[in-house]
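Engineer: What follows is a single structure, and I will ask about it in a moment.
Just so you know, all these numbers are worked out from the coordinates, no wet-lab data involved. Here the structure is a predicted model, which is why all the values come from computation and not from measurement. We place every Cβ from the backbone using ideal geometry, glycine too, and count neighbours over all the protein chains shown.
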Amino acid sequence: IFIYTYIYRLCRFVAGIQTRNLLHNTAPLFDAVKRDCVEELSSSLSETGAANAVEVMLQVRDDAQRSLLHMALISGAHKTTTYILTEAQHWAKRRSYEHNLQGELIERTLSGAINWGDEHGRSPLAVLCRCRCGAASLELACALLGAGAEPMQRDAFGSTPFFECASLGNLEIGHLLM
């Protein structure tokens, strides 16, 4: 957990440096917010040249460490406050979708590795079902199933792991697969 916290803080620090380097003069952004001028804020954000204007909008701070949202609320800038919140929510949903998609791709990669067939199309679970290793094989079968092993995957001969258990008398794992 420590390493993840360190990496997260390091990324935020680097992002802050990039934002500060990108925005030498944040006055136009804060001025647009104070005047409640969404069009001017949007234009000023696009002039920064940042790849993601919303991230800049969320990260930029004035000398008192106030964000654009702070300034919009202090100034009573209703339209700008609504704009910042709406854009931030859209950004967060998009980022969440990207992270969920990345998570699904990782799960598919793991599933592909767990269910990869050998030259006969037998998955690691099917190979385990052909072994007579006793109680240890039951624990390994549980571990494979927990990792996403597909109990109904057929090999090149049409056999499933359950059929392998039944044909070889491996009752412990066979009961688990039922």
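Engineer: When N counts the residues of segment 48-104, how does its alpha-carbon radius of gyration compare numerically with 2.2 N^0.38 Å, as a ratio?
Structural biologist: Ratio of Cα Rg to 2.2 N^0.38 Å: 1.31.
Engineer: Quote the FRET efficiency, to the nearest 0.05, computed for residue 130 versus residue 106 with a Förster distance R0 of 35 Å and r equal to the Cβ-Cβ distance.
Structural biologist: Once the sixth-power term is evaluated, E becomes 0.75.
Engineer: Please identify the chymotrypsin sites (Phe, Trp or Tyr not before Pro) of segment 69-133 that satisfy two criteria: DSSP loop assignment and at most 12 other Cβ atoms within 10 Å. Which are they?
Structural biologist: The qualifying sites are 116.
Engineer: Rounded to whole Hz and in sequence order, give me ³J(HN,Hα) for segment 65-78 from the Karplus expression 6.51 cos²θ - 1.76 cosθ + 1.60, θ = phi - 60°, writing x for Gly and Pro.
Structural biologist: After applying 6.51 cos²θ - 1.76 cosθ + 1.60, I find 6, 8, 7, 5, 5, 3, 5, 4, 5, 4, 7, x, 8, 5 Hz.
Engineer: Within segment 82-150, which GluC sites (Glu not before Pro) sit in a loop by DSSP and count at most 14 neighbouring Cβ atoms inside 10 Å?
Structural biologist: Answer by residue number: 119.
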